[in-house]
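**Student:** Encoded as structure tokens, here's the structure I'll be asking about.
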């Protein structure tokens, strides 16, 4: 589904992520793990089209991203990154509807198929009961679910998520990950996300990629990569600190 070839990403010609290559299959959850500033967010912004690549390429179903229009890419790849749309006086349904913009044309009018996609996305993310509530008045966990519905209603083949469980309590973390698992099973969506919680990443991910100082230091199954030796080295932990808290 997704193939990343020798991708270098950064800002204004300055590389932050260097020579990154990986593939992700339909229905697979692929998680980026690294310290703050390691390049995870920059990489996800580049994959989503928010940042142009410095070099390298990305292919979707064998077709190069550089050969796609912005609108074509938006229909295939949907992102839920750390930035959020302005939502003053918007209901949760209206926020979700903004995810259909690649299909609605210049005036942003939703047709029948668009409305059905919105309702289905809200059903999948258990946000139907929030539809008529103002987005600004709901909890952080509920907001994450609505933002996921916004990303899913686009009916993408690839979903990009940047630290989607940050700032959520354990209930909402696990609920969110359960929804991701349901989405990839029911929709065969390929999920690429970043996470700090290595234990949760190990449970939800099919494969993980370790990133350190902008470089990929390993790709593989969580049981293999997320062991004591690798984590202490990757995150600069002492064995004493690891044994005490992990």
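The values are calculated or read from the model by the stated rules, or taken from the named source; none is laboratory data. On a predicted model such as this, the values are computed, not experimentally measured, just so you know. Glycine gets a Cβ as well: all are built from the backbone with ideal geometry, and neighbour counts include every protein chain shown.
**Student:** Looking only at residues that are under 19 Å from residue 26 (Cα atoms) and touching a residue at least 60 places away in the same chain (Cβ under 8 Å) in the range 163-181, which one is surrounded by the most Cβ atoms within 10 Å (Cβ to Cβ)?
**Tutor:** By that ranking, first place goes to 180.
**Student:** Could you list, in sequence order, the residues of the range 27-60 that are in contact with a helix residue (DSSP H, G or I) (Cβ under 8 Å, 6 or more places away or on another chain) and either without any contact (Cβ under 8 Å) to a residue 24 or more places away in the chain or loosely packed, with under 13 Cβ neighbours inside 10 Å (or both)?
**Tutor:** Once the filter is applied, which keeps residues that are in contact with a helix residue (DSSP H, G or I) (Cβ under 8 Å, 6 or more places away or on another chain) and either without any contact (Cβ under 8 Å) to a residue 24 or more places away in the chain or loosely packed, with under 13 Cβ neighbours inside 10 Å (or both), the range 27-60 yields only 52.
**Student:** Evaluate the range 84-92: report whether one residue or more is modelled with pLDDT of 95 or more, touching a strand residue (DSSP E or B) at 6+ places or on another chain (Cβ under 7 Å) and surrounded by 13 or more Cβ atoms within 10 Å (Cβ to Cβ).
**Tutor:** Yes, that holds for at least one residue.
**Student:** Moving on to the next point. Considering each residue of the range 19-68, count those that are in a helix (DSSP H, G or I) and in contact with a strand residue (DSSP E or B) (Cβ under 9 Å, 6 or more places away or on another chain), and give that number.
**Tutor:** 11
**Student:** If you take the residues in the range 201-219 that are loosely packed, with under 15 Cβ neighbours inside 10 Å and out of contact with any strand residue (DSSP E or B) (no Cβ under 6 Å at 6 or more places or on another chain), which one is farthest from residue 6 (Cα to Cα)?
**Tutor:** 203
**Student:** Right, here's the next one. Quickly run through the range 68-109 and pick out the residues that are in contact (Cβ under 8 Å) with a residue 24 or more places away in the chain, farther than 21 Å from residue 123 by Cβ and over 21 Å from the mean Cα position of the chain (by Cα).
**Tutor:** Listed by number, the residues that qualify are 88, 89.
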